[in-house]
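Colleague: I have a structure here, written as structure tokens, and I will follow up with some questions on it.
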Amino acid sequence: MMNGTLVTEFLIVGFSEMPHLQVPLFLSFLCLYMAAVSGNLLIMVTISASPSLHTPMYFFLVNLAVVDILCTSTILPKLLDSMVGQRTISYGGCMAQLFFFTWSLGAELLLFSAMAYDRFVAICCPLHYSAWMGPRVCAFLAGLVWAISLTNTSVNSSLVLRLPFCSSNVIEHFFCEIPPLLKLSCAPTQLNEAMAFAADVFLAVGNFFVIMISYGCIVASILRIRSAEGKRRAFSTCSAHLIVVSMYYSTVIYTYIRPSSSYSLNKDKVVSVIYTSVAPTLNPLIYTLRNKDVKVALRRLLSCC
């Protein structure tokens, strides 16, 4: 019906197999998008306007907010449009969505490691914190995060661009992601799967182990603190990060560590909703509700308005 040169658009199935849920789903995703964008923007403004929060931990939190806005703005507006209008997306639009989503995904995973390293230095090596986490080091780490994630998405997106699509143009998902796109290709996708697997091992599994090792050292250091109040404060600075990491990594590893042949429409949609919509919405809440400094700065900012 079509080949690599004739494909001009894809049909996104979305959640059309559940027509009775279209209105509730539309309202839910609209609320998630508004909450994600407004919450992350509020985090960025609050930290930028509060000199007391100009520390490495909050510097990385601002970067995380930028990534979350990029992720949700890449996926949710088109999803909302497909629910009330055309369920098609142009070939170029699909590739652009794939590129920016994969970029934000990689950046978020790497930022979690940078944030874990910051907490490791702060708790395990407090005397070296100002030297090891100075402005130049933080800028270098942030630049590294964006550069590595950009390289990853450039490689994987370029490999997808080379694939011919001739069996079907129906994407059994609610956005353009690597696993469902590979199922549509009529050419061998072993190289694509190998590169996606390698990226997942490095970005997801590798960084997850780095984070676990960091927090193993952090827990061991906290347990050596004699005062109960000191232990509570140390744990409170890490608990929010661990909650976000556990939720995000488990879903990403589940999606990308498997071959495309095992891709399951309904299960993978639910899992994808978590890291494309739910996680970016919850991140500002988790980091603010469990952080006294941010809540104080937020109240001060709102009182000035």
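Colleague: What figure in square angstrom, to the nearest 10, would you give for the accessible area of L184 with a 1.4 Å probe?
Modeller: Taking all protein chains as shown, L184 has close to 10 Å².
Colleague: What helices does the chain hold that run 27 Å or longer along their axis, going by alpha-carbon atoms, with a Kyte-Doolittle average of -1.0 or more, using DSSP H for the helix calls?
Modeller: 22-48, 56-84, 91-124, 135-161, 228-256
Colleague: Here's another thing I want to ask about it. So what does C31 come to for accessible area, using a 1.4 Å probe and Å² rounded to 10?
Modeller: 90 Å²
Colleague: Next question. Please name whichever of P164, T74, F120 sits farthest to the positive end of the charge dipole of the stretch 53-168, dipole taken about the Cα centre and charges placed at Cβ: Lys and Arg +1, Asp and Glu -1.
Modeller: My answer, from the dipole projection, is P164.
Colleague: If you put +1 on each Lys and Arg Cβ and -1 on each Asp and Glu Cβ, how big is the dipole of the chain around its Cα centre, in Debye rounded to 20? Intermediate values should be presented prior to the final figure.
Modeller: Numbers: 19 positive and 13 negative charges, 227 e Å.
Computed charge dipole of the chain: roughly 1080 debye.
Colleague: Keeping every protein chain in place, order I218, I69 by accessible area at 1.4 Å, biggest value first, i.e. largest first.
Modeller: Order by accessible area, largest first: I69, I218.
Colleague: Straight distance only, please: which aspartates and glutamates reach the Cα of K231 with their own Cα at less than 20 Å, same-chain residues fewer than 8 apart left out?
Modeller: D118, D293
Colleague: Show H20, H128, H241, H54 ordered by accessible area, largest first, where the area counts protein heavy atoms only and the probe is 1.4 Å.
Modeller: Order by accessible area, largest first: H20, H54, H128, H241.
Colleague: On the Cα set of the chain, report Rg and Dmax in Å, please.
Modeller: 20.7, 71
Colleague: Which lysines have a Cα lying under 23 Å from the Cα of K183, excluding residues fewer than 8 positions away in the same chain?
Modeller: Result set, ordered by chain and number: K78, K267, K269.
Colleague: To continue, here is another question. Leaving out ligands, DNA and RNA, what percent of the accessible area of the stretch 159-245 is carbon and sulfur, probe 1.4 Å?
Modeller: Accessible surface attributable to carbon and sulfur in the stretch 159-245 totals 68 percent.
Colleague: If the chain between R232 and S250 were fully stretched, how many nm would it gain, using 0.36 nm times the residue separation less the Cα-Cα distance?
Modeller: 3.8 nm
Colleague: Which one of A228, Q190, Q22 is farthest out on the positive end of the charge dipole of the chain, using unit charges on Cβ (Lys, Arg +1; Asp, Glu -1) and the Cα centre as origin?
Modeller: It is A228.
The values are calculated or read from the model by the stated rules, or taken from the named source; none is laboratory data. Just so it is clear, the model here is predicted, and its values are computed rather than measured. Cβ sites come from the backbone with ideal geometry, for glycine too, and all protein chains shown count toward neighbours. For accessibility, only protein heavy atoms count, side chains too; no ligands or nucleic acids. Shrake-Rupley method; radii C 1.70, N 1.55, O 1.52, S 1.80 Å.
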